[in-house]
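The values are calculated or read from the model by the stated rules, or taken from the named source; none is laboratory data. Just so you know, these numbers come straight off a predicted model, no measurement behind them. Heads up, the Cβs are rebuilt from the backbone with ideal geometry, glycines too, and the neighbour counts pull from every protein chain shown.
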Amino acid sequence: MGERHDTTIKLLTKEISQMRKTAFALALAAAAGFGTAQAQDYQMELEAGYSDINPDQGSGDSALDVSFTYYLDRVATSGRPLAEAAFLHHASNVSVDYLTVDDADSDRIGVEGEFWFEQLYLRGGYATADNSGTDTDTISARIGWMLSPNLRIAGGLDRVDEDSPGAEESDNLVVEAKYVTNLGGGTALNLEGSVTFLDDPADDEVFEFAADYYLNPAFSVGAGLSFADENDNFELRTRYFFTPTIAGQVEYFTQNDGDDDAFRLSGIVRF
């Protein structure tokens with residue numbers, strides 16, 4: 001779906017995992033006859049989303065999120081899936097995002113920079129969250145290499161500092177990869193994977209995998225899976241570009257072995 005999209009979802013699911021929610025699976029209806037939006041270059045992207053969270057215990061909740069990305073150069077989209085254009089263009093960018101969860105009284109703001117220097121890839125970010133009076137700061141850093149124009153591997157560190165009694169800083173090591181391939185006939189496939197080595201007494205690992213199939217440059221359906229110890233999480237998602245610069249997306253994801261879930265609707269505008 002594109003990395004900015006993937007970053008927004010991770011921010012939201014981290015908040016939801018603290019609130020113990022549940023629901024049933026969402027069935028995606030995908031029509032292969034959807035039209036194909038024509039290419040149009042862009043330099044800025046604005047995304048806003050609304051999430052409905054259904055609790056397993058207690059009342060429901062809702063969340064709002066917004067993100068803005070500025071690319072240092074215009075992103076070329078011709079001949080590429082529109083959602084993957086920035087990755088395939090190796091488009092350096094800076095971004096800011098904000099998330100608020102209503103009844104949980106949780107807010108989060110983050111900034112990030114992503115840069116390509118030919119084959120060298122660098123990414124860094126900072127986020128701060130207030131969860132009902134408990135502050136959590138996260139600093140992330142990645143360094144990677146483009147093995148080919150459409151295949152990137154990277155590794156780095158997430159340092160998490162929670163301001164609560166007995167909490168200590170944790171340094172989580174991360175290894176990740178992303179690959180986008182053209183399947184011909186206007187179709188394409190995006191594959192992503194990562195392993196996070198948690199800095200905790202149990203030395204747990206978190207495995208995450210995702211795939212998106214592009215029926216044409218404008219329309220995709222995808223799924224994601226993550227698991228750690230006895231906690232499996234699942235995601236379904238779809239995105240459609242109504243025009244080259246306006247898109248809508250629908251996502252459904254679960255946490256805590258399906259005991260928590262959320263349904264997210266969002267819109268994207270490029271200019």
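Among the residues examined, Leu191 qualifies as of a type in the set (A, V, I, L, M, F, W, C), in contact (Cβ under 8 Å) with a residue 12 or more places away in the chain and under 25 Å from Ile246 (Cα atoms).
For beta carbons closer than 9 Å, sequence separation of 6+ or different chains, a first residue in region 106-127 that is among the hydroxyl-bearing types (Ser, Thr, Tyr) and a second that is not in a strand (DSSP E or B), the qualifying pairs are Ser106/Glu15; Ser106/Gln18; Ser106/Met19; Ser106/Ser132; Tyr121/His90. When we screen Arg142, Arg108, Arg152 for residues that are of a type in the set (Lys, Arg) and either assigned to a loop (DSSP other than H, G, I, E, B) or closer than 27 Å to Phe263 by Cα (or both), the only hit is Arg108. Hey, any hits in region 44-57 for a residue that's under 17 Å from the mean Cα position of the chain (by Cα), within 22 Å of Gly144 (Cβ to Cβ) and not hydroxyl-bearing (Ser, Thr, Tyr)? There is at least one residue in region 44-57 that is under 17 Å from the mean Cα position of the chain (by Cα), within 22 Å of Gly144 (Cβ to Cβ) and not hydroxyl-bearing (Ser, Thr, Tyr).
Each row is one residue, and each column tells you yes or no for (1) farther than 26 Å from Val66 by Cα; (2) under 15 Å from the mean Cα position of the chain (by Cα); (3) not polar (S, T, N, Q).
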| residue | (1), (2), (3) |
| --- | --- |
| Asp204 | yes, no, yes |
| Ala218 | no, no, yes |
| Glu230 | yes, no, yes |
| Arg237 | no, yes, yes |
| Pro244 | no, no, yes |
| Thr254 | no, yes, no |
| Phe263 | no, yes, yes |
| Gly267 | no, yes, yes |
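When Glu251, Glu230, Glu208, Glu235 are checked against the criterion of being of a type outside the set (Ser, Thr, Tyr), out of contact with any strand residue (DSSP E or B) (no Cβ under 8 Å at 6 or more places or on another chain) and in contact (Cβ under 8 Å) with a residue 12 or more places away in the chain, a single residue qualifies: Glu230.
Evaluation of Gly186 against the conditions (1) out of contact with any Asp or Glu (no Cβ under 9 Å at 6 or more places or on another chain); (2) without any contact (Cβ under 8 Å) to a residue 24 or more places away in the chain; (3) among the small types (Gly, Ala, Ser) shows that the sole unmet condition is (2). Applying the criterion of being of a type in the set (Gly, Ala, Ser) and surrounded by 15 or more Cβ atoms within 10 Å (Cβ to Cβ) to the residues of region 156-185, the residue that is nearest to Ser132 (Cα to Cα) is Gly156.
A quick yes/no check of all residues on (1) modelled with pLDDT of 95 or more; (2) among the polar types (S, T, N, Q); (3) within 26 Å of Val75 (Cβ to Cβ):
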position: Asp204; (1), (2), (3): no, no, no
position: Ala211; (1), (2), (3): yes, no, yes
position: Phe227; (1), (2), (3): no, no, no
position: Asn231; (1), (2), (3): no, yes, no
position: Phe234; (1), (2), (3): no, no, no
position: Tyr240; (1), (2), (3): yes, no, yes
position: Ala247; (1), (2), (3): yes, no, yes
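Here region 74-105 is the region considered, the condition is being among the charged types (D, E, K, R), touching a residue at least 40 places away in the same chain (Cβ under 8 Å) and in a loop (DSSP other than H, G, I, E, B), and the residue that is farthest from Ser148 (Cα to Cα) is Asp103.
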